[in-house]
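Encoded as C-alpha cells, the structure appears first; notes follow it.
The values are calculated or read from the model by the stated rules, or taken from the named source; none is laboratory data. The shown structure was predicted, so the numbers you read here are calculated from the model rather than taken from an experiment. No Cβ is skipped: glycine too gets one built from the backbone with ideal geometry, and neighbour counts run over all protein chains shown. The protein model used for the area step is the full one, side chains on, heavy atoms only, and it has no ligands, DNA or RNA in it. Shrake-Rupley method; radii C 1.70, N 1.55, O 1.52, S 1.80 Å.
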Amino acid sequence: MIAIIDYDAGNLKSVEKALLYLGEDCIITRNKDEIYNADKVILPGVGAFGDAMDKLDSFGMTEVARKTALDGKPILGICLGLQLMFESSDEAPGRAGIGILKGKILAIPPKESYKIPHMGWNSLSVKEDSRLFKGISGNPYVYFVHSYYLQAASEADVAATTEYITHIHAAVEHGNIFACQFHPEKSGDTGLKILKNFCEV
C-alpha cells in the first residue's frame, strides 16, 4: 500500500491515477496510522512553500513526513513535495521546511527570452546508478512546472539534473528518501517508469 499525504496541496488525484494505472494499491490520506502502516509514502504538492508548510503543520503532517523518512520507509517528494523536504526556500524567507534533506530552494533567476515559471518538457542528465531511473536510457524528457529550484547540499544526493537558465537539481536520492522537481505523473511513459521504480524500491 502506498499512502499519498493529503494536505490540500493539489496534484493528489493525478498521482493516484498514475499509481492505479500501474496496478498499485494506494490511498490519499492524512490519517497518521494509515501513513505509518503504508509500505511507501508520497508527498506531492503544487503551490507556495510557506502556505504548504502551514497546511502540513495544521494537519500534523510535518512530523509524520519527518518520522516516515527517519524510520527508513521509502518516501517520494514530487514538485513542491521535493522543495518541502529541504531546509528553506527563497519563496518563504524565515520559514523552515521539513528538513529531512540538506539543501535550499532558490528562485530561478530572470533571463531575457526565458519564461518563469519554467513550464514544459526538459531533458535530464541522469546519474548512472540511480534507482529512480533504472531502465531509463539516454536523456529522458520530463514535465516541469516551477519557479524555484533545488540546490542540494550534497552532490552525492543528486540523481538527475536539468538546465533552464541555471543548473537545476531535478531529482534526488538519499537512502530511503527520493524526490523529483518534475511531475512524473504527467511525464508519459518515462514518468510512469519512474513511479514504478519507486514502487519497487
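Okay, residues lined up against (1) within 24 Å of L12 (Cβ to Cβ); (2) touching a helix residue (DSSP H, G or I) at 6+ places or on another chain (Cβ under 8 Å); (3) modelled with pLDDT of 95 or more:
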residue	(1), (2), (3)
E63	yes, no, yes
I75	yes, yes, yes
D90	no, no, yes
G97	yes, yes, yes
G120	yes, no, yes
S125	no, no, yes
F144	yes, no, yes
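For K13, which of the numbered conditions (1) charged (D, E, K, R); (2) open to solvent by less than 60 Å² (accessible area, probe 1.4 Å); (3) out of contact with any Lys or Arg (no Cβ under 8 Å at 6 or more places or on another chain) fails to hold?
Failing condition for K13: (2).
Of the residues T162, T190, which is hydroxyl-bearing (S, T, Y) and under 16 Å from H118 (Cα atoms)? Walk me through it before giving the result.
On the way: T190 fails: under 16 Å from H118 (Cα atoms).
When all the criteria are applied, what remains is T162.
Would you call G23 assigned to a helix (DSSP H, G or I), small (G, A, S), out of contact with any helix residue (DSSP H, G or I) (no Cβ under 7 Å at 6 or more places or on another chain) and at pLDDT 95 or above?
Details: assigned to a helix (DSSP H, G or I): no; small (G, A, S): yes; out of contact with any helix residue (DSSP H, G or I) (no Cβ under 7 Å at 6 or more places or on another chain): yes; at pLDDT 95 or above: yes.
So G23 fails the test.
Scan V142, V126, V201, V158 and give me the residue that is over 23 Å from E91 (Cα atoms) and under 15 Å from the mean Cα position of the chain (by Cα). Even if it seems obvious, please write down each step before you answer.
On the way: V126 fails: under 15 Å from the mean Cα position of the chain (by Cα); V201 fails: under 15 Å from the mean Cα position of the chain (by Cα); V158 fails: over 23 Å from E91 (Cα atoms).
Result: V142 is the single residue among V142, V126, V201, V158 that is over 23 Å from E91 (Cα atoms) and under 15 Å from the mean Cα position of the chain (by Cα).
Could we say that V46 is open to solvent by less than 10 Å² (accessible area, probe 1.4 Å) and either under 14 Å from the mean Cα position of the chain (by Cα) or among the basic types (K, R) (or both) here?
Values: open to solvent by less than 10 Å² (accessible area, probe 1.4 Å): no; either under 14 Å from the mean Cα position of the chain (by Cα) or among the basic types (K, R) (or both): yes.
Criteria not met by V46.
Among the residues of the range 80-133 satisfying the criterion of being hydroxyl-bearing (S, T, Y) and in a loop (DSSP other than H, G, I, E, B), which is surrounded by the most Cβ atoms within 10 Å (Cβ to Cβ)? Give the steps one after another, and end with the answer.
Residues of the range 80-133 that are hydroxyl-bearing (S, T, Y), as a first pass: 88-89, 113-114, 123, 125, 130.
Going one step further and asking which of them are in a loop (DSSP other than H, G, I, E, B), we end up with 113-114, 130.
Working: S113: 4, Y114: 11, S130: 19.
Only one residue fits best here, namely S130.
Identify all residues within the range 174-191 that are crowded, with 24+ Cβ neighbours inside 10 Å and charged (D, E, K, R); write none if there are none. Spell out how you get there, then give the answer.
Here is the first cut: in the range 174-191, the residues crowded, with 24+ Cβ neighbours inside 10 Å are 178-182, 184-185.
Selection gives E185 alone.
Could you tell me which numbered condition Y148 fails, if it satisfies all but one of (1) open to solvent by less than 10 Å² (accessible area, probe 1.4 Å); (2) in contact (Cβ under 8 Å) with a residue 60 or more places away in the chain?
(1) is the only condition that Y148 fails.
Here is a check on your reading of the model: is M61 open to solvent by less than 10 Å² (accessible area, probe 1.4 Å), in contact with a strand residue (DSSP E or B) (Cβ under 7 Å, 6 or more places away or on another chain) and either charged (D, E, K, R) or under 22 Å from E16 (Cα atoms) (or both)? So that I can check it myself, show each step before the final result.
On the way: open to solvent by less than 10 Å² (accessible area, probe 1.4 Å): yes; in contact with a strand residue (DSSP E or B) (Cβ under 7 Å, 6 or more places away or on another chain): yes; either charged (D, E, K, R) or under 22 Å from E16 (Cα atoms) (or both): yes.
When the stated conditions are applied, M61 passes them.
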